[in-house]
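The values are calculated or read from the model by the stated rules, or taken from the named source; none is laboratory data. The shown structure was predicted, so the numbers you read here are calculated from the model rather than taken from an experiment. We place every Cβ from the backbone using ideal geometry, glycine too, and count neighbours over all the protein chains shown. These accessible areas exclude ligands, DNA and RNA; they are computed on the full protein's heavy atoms, side chains included. Shrake-Rupley method; radii C 1.70, N 1.55, O 1.52, S 1.80 Å.
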Amino acid sequence: MANVIGQRVRRKEDPRFLKGEGRYVDNMPFDDALYLTYVRSPIAHARINSIDVSQARALPNTQVFTADDVELDKQPLPPFMGIDERMYRPFVAKDTVRFAGDIVACILTETKEAGEDAAEMVFVDYEQLPAVTDPREAVKDEVVLFPELGTNVAAKRPPEQSDEDLFGGCEAVVEGTLVSQRMASSALEPRAAAASVDGNGKLTAWLSTQTPHQDREGIAANLGMEPQNVRVVGPDVGGGFGAKGLKVEDILLCWLARKTGRTIRWVESRSENMVALDHGRAMVIDFKIGGSRDGKVEAFRMDILSDAGAYPGLGSFLPNLTGMMASGVYKIPKIGVAVTTVTTNTTTIGAFRGAGRPEATQAVERAMDMWADELGMDPAEVRRVNFIQPDDFPFTTASGATYDIGDYEGALDKVMQSAGYDDLRAEQQRRRDNGDSKQLGIGLSVYVEITNGLGESEFGAVRITKDGEAVLRTGSFSHGQGHETTFAMIVAERLGMPVEKVSVIKGDTDEVARGTGTYGSKSTQIGGAAAGQASEELLEKARRLVADLIEASPDDIVLDAQQGRFHVAGAPQSGLSWGELAARLDNDGRLQELSVETDFKADAPSFPFGAHLAVVEVDTETGAVQILRHVAVDDAGTVINPIVADGQVHGGVATGIAQALYEEVMYSEDGNPVTGSFVGYAFPSAAEIPSIERVEMVTPTPLNPLGAKGIGESGTIGATPAVHNAVVDALKPYGVKNIDMPANGERVWNAINGSGRE
Ligand code: MCN
């Protein structure tokens, strides 16, 4: 079929999900599997004096493994993170636990319930140690998690320029702090894993993951196996939001499957997920912005203090992305970034939707509003004075990113026009003048983010079946994003087939030769591009084969993309459809000739951008904040499927709003999780999220033939600062200059009442 790209094609996978026919790890039928239960420390920081598992072991059909029994050492990290290996996480804690959730024992039982009962019979003699949960405390090194290192600092990047170098000539300078609070990824499906070993010693692991091929490598490396002896299958996955991927729980499970020769399965409860799966964000950013009084910003500085949690992992790398994106959408001549990453007695920090980039946007967009306030300018005007202009691209910022293409002022214009900015400001003024108890806040954010940040390549293979249908194998992985539809659309358009005739295989390392999986909103621009490239190469092959079969010159063969039929140009009567071509080749035992494998490599990352405008109403008597409108321009270049893109933005904006107003993972002073379930964690429901107004903007990237950039995280990145700025804006008459996120009712009420006016 021609012109499929850009059509609002309904998601092919949805009927399966809606009818409860999704196949998740937890509903896979494994006969005779043992259930794995992890016994976790309830204490944030303690020495383990002893573990008594004798009563648990005495239970029928119960096996118990402690650190002494598990023949795995520590999980090494990629060397680029530069973490001292003494900080690596042990699979099972032996002498010390460093967060409430650290694994102290693994239990195998015939039923899940028996595992939970046995866990109660594991007696650990903990000698409690002082805990530190706030990175601002941890950096003082008064309570140290790894005494042999003498410091909690896991990574440090000192400032490159002095304050004098940066702000020396500035007429005005404003300082502030942005706390990007700790968030839980909260996918609908918590983690789940199963593994078994066949008669030849080959291990198969079924994982609720985002990265099956990378997981295969990780399992093989940790278990000392050859990757070809490991198969990872990622079945349907109910969301990951950046946090899912190979973790200690999965590796332990695989080790236990090999050790016992039995199929082992594990599924996390929500409360286990809340304490055991990596959290995201957790940065404190002190910023300074300076320039001339006409609004022009000349220098910007960010001192990032990032919380790595108990065992530094990917979270220690993410501040580098934050630093790289410090310039935002602005042409700032001088930028300074310093990073300090510290360990705390909390759950490890990893990726969460946006992973390092939202924090940069949150800081620079808050800084821009404070800068506008200092100069008495409108927040939109001050942004206009500083935008990188459309003819500046490709543009390299002072913080070291090279943006491919953009029109930031265009995005701001669109969002302001669509929202009716002037009318909103007039209404705001009216309420202020009247001393209305419900004040209006208008918040802007203009953002740029980075997708396919590591500039990776991706695998794609297309083959034609004997019925003339197409099968795409992709190294990308879809854990909710809808690749079964969008990738099929890319293939269908090129091959002139209906979308229903293209099926997509992903996530099984025995079925798909290689792959990198999905994170950093990179799938469409590399995995989708690989699918397109493979389809085009296949089309060329098909044209030559048709030419051969109907005795014509390959140069004369054209594809009628509406009909899915090849014929000689100008002579449609003689030709072959995909079905006829496939049947002819199949008859001759040559069907495999209708297949192509390829890899697509982008030259560089792409930089989606956009502008968001939030309108909030703050009840000044109660502090309650309600979002009245959220208008979003998110430019992802060429959009493959607008329904899917809308869904991505809606979900993304909801996550962004959640950070601005509701969610925060919290610990008591001694490190007890106080938001260990959805009872305490303020995960918003649909009732709190407004109807999101999307405004179209399309600036294709030159970096791939599709012209597509990522959209999976854009909504999150754009939304948070718009909503955050809106709440502060509403409180301007009360002299409030800042309010930390989540700007919930309690914080707003305190801010209003602390200002001395009611
Ligand atoms: N798309 C499109 N046109 C574009 C770009 C994307 O139609 N120009 C479509 C894609 O084909 C795909 C979806 O939008 O179906 C998202 O594509 P893309 O931006 O390429 O991102 P990825 O597929 O790589 O998804 C990853 C991204 C990330 S990093 C997180 S976190 C995230 C997200 O997507 N987690 C999600 N969206 C999620 N959506 C769901 N339902 N669940 C998650 O866990």
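Over the range 91-242, what is the percentage of antiparallel beta bridges among all DSSP beta bridges, to the nearest 5? In the range 91-242, DSSP labels about 55 percent of beta bridges as antiparallel.
Note on Asn587 and Glu71: with the Förster distance fixed at 60 Å, the Cβ-Cβ geometry gives a FRET efficiency of about 0.65.
Rounded to the nearest 0.05, what FRET efficiency do Arg432 and Asp286 give with R0 = 30 Å and r taken as the Cβ-Cβ distance? Could you check?
Values: r = 31 Å, r/R0 = 1.03.
With a Förster radius of 30 Å, E is 0.45.
Looking only at the range 44-84, which residues have a backbone nitrogen under 20 Å from a spot 7 Å from the Cα of Asp32 in the C-beta direction? Those under the cut-off are 61-63. Averaging the sequence gap over all C-alpha pairs within less than 8 Å and six or more residues apart, then dividing by the number of residues, gives the chain a relative contact order of 15 percent.
Rounded, prolate or oblate: which one fits the range 351-411, using the alpha carbon gyration tensor with axes a ≥ b ≥ c (rounded when a/c is under 1.5, else prolate when a/b beats b/c, else oblate)? Write down the numbers at each step before the final one.
Numbers: a/c = 2.13, a/b = 1.16, b/c = 1.83.
Oblate shape, in that a/c is at least 1.5 and b/c is the bigger or equal ratio.
Extending 7 Å from Cα along the Cβ direction at Arg136 and again at Ala2 yields two label points whose distance is 6.3 nm. Label-to-label distance, Glu511 versus Glu164, with points set 7 angstrom from Cα along the beta-carbon direction: 6.5 nm.
Apply the a/c threshold of 1.5 to the C-alpha gyration tensor of the chain and tell me whether it is rounded, prolate or oblate.
Because a/c hits 1.5 or more and a/b fails to exceed b/c, the chain counts as oblate.
For the range 174-280, the share of accessible area belonging to carbon and sulfur comes to 45 percent (1.4 Å probe, ligands and nucleic acids excluded).
Over all other residues within a Cβ to Cβ distance under 12 Å of Arg747, the charged ones net out to -3, with Lys and Arg as +1 and Asp and Glu as -1.
One Cα centroid belongs to the range 658-711, the other to the range 239-304; the line between them spans 14 Å. In loop segments of the range 108-170 as defined by DSSP, the GluC sites (Glu not before Pro) with at most 14 further C-beta atoms inside 10 Å of their C-beta are Glu110, Glu120, Glu142, Glu148, Glu160.
Computed from the C-beta positions of Gln128 and Glu148, the FRET efficiency with R₀ = 22 Å rounds to 0.65. DSSP beta bridges fully contained in the range 597-708 are about 75 percent antiparallel. Candidate cross-link partners of Lys466 among the aspartates and glutamates, defined by an alpha-carbon separation under 14 Å and a same-chain spacing of 8 or more, comprise Glu580, Asp586, Asp588, Glu593.
Kindly report the accessible area of the chain per residue (heavy atoms of protein chains, probe 1.4 Å, no ligands, DNA or RNA), in Å².
Details: 27930 Å² over 758 residues.
Using a 1.4 Å probe on heavy atoms only, each residue of the chain averages 37 Å².
Where the only charges are on Cβ atoms (+1 Lys, Arg; -1 Asp, Glu), what is the dipole of the range 212-272 about its Cα centre, to the nearest 20 debye? The dipole magnitude comes to about 200 debye.
May I ask which of Lys112/Lys259; Lys414/Lys737; Lys247/Lys501; Lys438/Lys732 have a Cα-Cα span longer than 25 Å here? The partial results should precede the final answer.
Values: Lys112/Lys259 20 Å; Lys414/Lys737 28 Å; Lys247/Lys501 36 Å; Lys438/Lys732 13 Å.
Among Lys112/Lys259; Lys414/Lys737; Lys247/Lys501; Lys438/Lys732, the Cα-Cα distance tops 25 Å for Lys414/Lys737; Lys247/Lys501.
Candidate cross-link partners of Lys156 among the aspartates and glutamates, defined by an alpha-carbon separation under 17 Å and a same-chain spacing of 8 or more, comprise Asp84, Glu85, Glu137, Asp141, Asp286, Asp303, Asp307. Is the shape of the range 515-632 best called rounded, prolate or oblate, per the rule: a/c under 1.5 gives rounded, else a/b larger than b/c gives prolate, else oblate, with a ≥ b ≥ c the square roots of the Cα gyration tensor eigenvalues? Prolate is the answer for the range 515-632, as a/c is 1.5 or above and a/b outweighs b/c. Available extension along the chain between Asp52 and Asp373 is 109.4 nm, counting 0.36 nm per residue and deducting the alpha carbon span. Using Cα positions and a limit of under 18 Å, work out the lysines in reach of Lys601, with same-chain residues fewer than 8 apart set aside. Counting by Cα, and skipping residues close in sequence, Lys601 has these lysines nearby: Lys522, Lys709.
Among DSSP beta bridges lying fully in the chain, give the percent that are antiparallel, nearest 5.
Of those bridges, close to 80 percent are antiparallel.
Extension gain, Lys732 to Met666, is 20.9 nm, computed as 0.36 nm per intervening residue step minus the present C-alpha separation. Multiplying the residue separation of Ser685 and Lys296 by 0.36 nm and removing their Cα-Cα distance gives an extension gain of 136.0 nm. Summing Lys, Arg as +1 and Asp, Glu as -1, what charge do residues with Cβ under 13 Å from the Cβ of Arg262 carry, Arg262 excluded? So the environment of Arg262 carries a net charge of -1.
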